[in-house]
1. Looking only at the range 15-43, filter to residues that are within 14 Å of the chain's Cα centre (by Cα) and β-branched (Val, Ile, Thr); which one of those is surrounded by the fewest Cβ atoms within 10 Å (Cβ to Cβ)?
2. Looking at (1) surrounded by fewer than 17 Cβ atoms within 10 Å (Cβ to Cβ); (2) farther than 22 Å from ARG128 by Cα, find the lone condition where ALA46 falls short.
3. Which members of the range 105-137 meet the condition of being touching a residue at least 60 places away in the same chain (Cβ under 8 Å), out of contact with any Leu (no Cβ under 7 Å at 6 or more places or on another chain), part of a strand (DSSP E or B) and not hydrophobic (A, V, I, L, M, F, W, C)?
Amino acid sequence: MTDSPKSRTQSDAEIVTAYLEASMVPDPETAARYMAPGIEIVFTGARVFRHPREVTAFNAGRYAWVKKRMERLDVVPGDGITTVYSLGTLYGAWPDGTAFEGNRYVDRFTVRDGLIVTMEVWNDSAERLLTKHGITA
C-alpha cells in the first residue's frame, strides 16, 4: 500500500521542518541527512551550494548568528514530488553585533522520495545591509 497524497505531503513538510531546525543549530551534518545526493541549494544572488556545511560557512560570514521564525509552510503536492514553501522572518545579529529582526524570507523546497532535492532561498538581508550602510534607492 502506498502513502496517500495527504500523508506524503505531511511527511514531506516534516522533513523540511526537521532540516530547517537542524540548520539553525547549526548542525549541517544532521541537516544533510534530509537532502538527496547532488542537492542544489540556490541562495539569493544565484549563489549555489551543494551541502548544508557550505550554507553554514556562508551564513557565518554574513551574520554573527541567525535564526528563522517559521510562520507557515505552504505545501503543494505534485506527481511524485512535493513543493514546500517555508515563509517567515529572520532574526539575529549582523557581524558587528547589531541585532535585527523581521527580515522576511521564503525558502522553496522540492521533496522526492523522502529527501530534499532542491532548495531555493530568498530574503531581505541584502536590502537591509544596503539600508544599514546608507545606500538607498
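Each reported figure results from applying straightforward, stated rules to the coordinates on display, with no laboratory input. Quick caveat, the model's predicted, so the values are computed rather than measured. Note that we place each Cβ from the backbone using ideal geometry, even for glycine, and neighbour counts take in every protein chain shown.
1. Step one: list which residues in the range 15-43 are within 14 Å of the chain's Cα centre (by Cα), which gives 15-28, 31-32, 34-35, 39-43.
Narrowing the set further to residues that are β-branched (Val, Ile, Thr) leaves 15-17, 25, 39, 41-42.
Values: ILE15: 20, VAL16: 24, THR17: 15, VAL25: 11, ILE39: 18, ILE41: 21, VAL42: 15.
Filtering the range 15-43 for residues that are within 14 Å of the chain's Cα centre (by Cα) and β-branched (Val, Ile, Thr), the one surrounded by the fewest Cβ atoms within 10 Å (Cβ to Cβ) comes out as VAL25.
2. Looking at each condition in turn, ALA46 falls short on (2).
3. Scanning the range 105-137 gives ASP107, ARG112, THR118, GLU120.
Residues checked against (1) of a type in the set (Asp, Glu); (2) touching a residue at least 24 places away in the same chain (Cβ under 8 Å); (3) crowded, with 17+ Cβ neighbours inside 10 Å:
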position: HIS51; (1), (2), (3): no, no, no
position: VAL55; (1), (2), (3): no, yes, yes
position: PHE58; (1), (2), (3): no, no, no
position: VAL75; (1), (2), (3): no, yes, yes
position: THR82; (1), (2), (3): no, yes, yes
position: ALA93; (1), (2), (3): no, yes, no
